[in-house]
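Colleague: Mind looking over this structure? Questions follow.
What follows is calculated from the coordinates using simple rules that are stated; it is not laboratory data. A quick note: this is a predicted structure, and the numbers were derived from the prediction, not measured. As a convention, Cβ positions derive from the backbone with ideal geometry for all residues, glycine included, and neighbour counts pool all protein chains shown.
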Amino acid sequence: MTERTTLADVAAAAGVSVSTASLAFSGAGPISAATKQRVLDAAAELGYTGPSALGRSLRSGRSGIVGVVIGDQLRRSFRDPVSVQVLDGLVDSVGPQGLGVLLVPATGGEAADPLVETAPMDAAVLLFGARRGEGTFEALRRRGVPVVLGEGPRGLDAPVVGIADREGTRRLVEYLRELGHSRIGVVTLPLGGERRCAPVDAARMAELDCPPAEHRLAALDDAGVVPTAVVEASASLVEAGVEAGRVLLDVADPPTAVLTHSDLLAAGVLIAARDLGLRVPEDVSVAGFDGLNLPWLAPDVLTSVAQPFAAKGAAIGDAITAILAGETPADVELEVELRIGTTTAPPRA
């Protein structure tokens, strides 16, 4: 195809009007199968692949793009299987609708990323919810871009697709208590704002602005458990779990069980425990959240609360499709499952 080849050239070659030729590509009106095939044959002969995507966007008022704000630096998110698998489910859902995905990192500050302010998008997903003091959600609302929240706070006039993580974590805490653990330590996801690896005190808890962390911490209250110590991790990554695990376990009287907010953090805590000479699960039990397949951890199998990654992504995609069809999707909460592995056992007598 040359740059000068146009739909008018195809119409002339097929012996039809430009409007009829357009119908052959859009399928949005009456055209016989024979006429459509004649237009497509003429287009193939001229090397014409279809109308301009930009022109089609201008005519329809749609960009065909869903902006996905993943809530972290892209390099960290793509090392986290949770983000990747949820994105897979999302793309599988919206792809057949002719929608593509634009990935946008969160800034963590009051100013939204420039892409949030300017990029063409028909709808947006905040994959890990809206945060206080972060301008992303408000910037999208000012633009009139409809938003779906993944595991976000309710009450923001935007549908939320979440998981029953509070209930699932409560079941995990109760399981640890049934094993006989009374000294349970916690490694949390980043709580919001500046990232750090440090014990969590009352002042830091007052800054809590991460719905998954909030739900999973609240589960301890639900189970009637006061943790011996809570350490905040800087990211949901193995090396962050190692760092937090050392802070939690390298003390005179460490907890007999460690509850973490992700499987990658749990894997890091397991490594830290063994580096400190602690056996897992004989000296300390370690449990996670997510239900990831971590074959490199073999022969260990994490005790964990498994969430449905693909189903979560698909539910977010379904909400986007409903919004673009003029519907108002309801909030969704997906079930989770407690899976018992080899990293938890009764405490030493």
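Colleague: Over segment 7-51, what lengths in whole Å, largest first, do the semi-axes of the equivalent ellipsoid take, defined as the square roots of 5 times the eigenvalues of the alpha-carbon gyration tensor?
Modeller: Calculated on Cα positions only, the semi-axes equal 14, 10, 10 Å.
Colleague: Also, I was wondering about something else. Placing unit charges on C-beta atoms (Lys and Arg positive, Asp and Glu negative, everything else neutral), compute the dipole magnitude of the chain about its Cα centre in debye, rounded to 20.
Modeller: In debye, rounded to 20, the chain gives about 660.
Colleague: In segment 247-281, whose amide N lies under 14 Å from the spot 7 Å out along Cα-to-Cβ of T342? List them in ranges.
Modeller: Label zone hits: 280-281.
Colleague: Answer rounded, prolate or oblate for segment 165-306, using the Cα gyration tensor with square roots of eigenvalues a ≥ b ≥ c: rounded when a/c is under 1.5, else prolate when a/b is larger than b/c, else oblate.
Modeller: Rounded.
Colleague: Restricting to bridges with both residues inside the chain, how much of the DSSP beta-bridge set is antiparallel, in percent to the nearest 5?
Modeller: Taking every DSSP beta bridge within the chain, about 15 percent pair in antiparallel fashion.
Colleague: If you take the charge dipole of the chain about its Cα centre, with +1 on Lys and Arg Cβ and -1 on Asp and Glu Cβ, which of Q37, P96, P146 is farthest toward its positive end?
Modeller: The one lying farthest along the dipole's positive direction is Q37.
Colleague: Sort out for me the Cα centre separation of segment 261-299 from segment 312-329, rounded to whole Å.
Modeller: 36
Colleague: Okay, moving on. Provide the gained length on full extension for the span A252 to A12, in nm with one decimal, where the gain is 0.36 nm per separating residue minus the Cα-Cα distance.
Modeller: The A252-A12 span can extend by a further 77.9 nm.
Colleague: Quick one: if the Förster radius is 25 Å, what FRET efficiency do E335 and M205 give, using the C-beta to C-beta distance and rounding to 0.05? Don't skip to the end; give the middle numbers.
Modeller: On the way: r = 28 Å, r/R0 = 1.12.
Once the sixth-power term is evaluated, E becomes 0.35.
Colleague: Which value, in nm² and rounded to one decimal, describes the direction-averaged projected area of the C-alpha convex hull of the chain? Working shown, then result.
Modeller: Working: hull surface 85.0 nm².
Mean shadow area of the hull around the Cα atoms is 21.2 nm².
Colleague: Let me ask something additional. Mind checking the dipole of segment 236-349: about its Cα centre, +1 per Lys or Arg Cβ, -1 per Asp or Glu Cβ, Debye to the nearest 20? Don't skip to the end; give the middle numbers.
Modeller: Numbers: 6 positive and 16 negative charges, 68 e Å.
The calculation lands at about 320 debye.
Colleague: Sticking with this structure for a sec: Step through the residues of segment 279-296 one at a time and calculate ³J(HN,Hα) from phi using the Karplus curve (6.51 cos²θ - 1.76 cosθ + 1.60, θ = phi - 60°), rounding each to whole Hz and writing x for Gly and Pro.
Modeller: Running phi through 6.51 cos²θ - 1.76 cosθ + 1.60 with θ = phi - 60° gives 8, 10, x, 4, 9, 8, 8, 10, 10, x, 8, 2, x, 6, 8, 10, x, 5 Hz.
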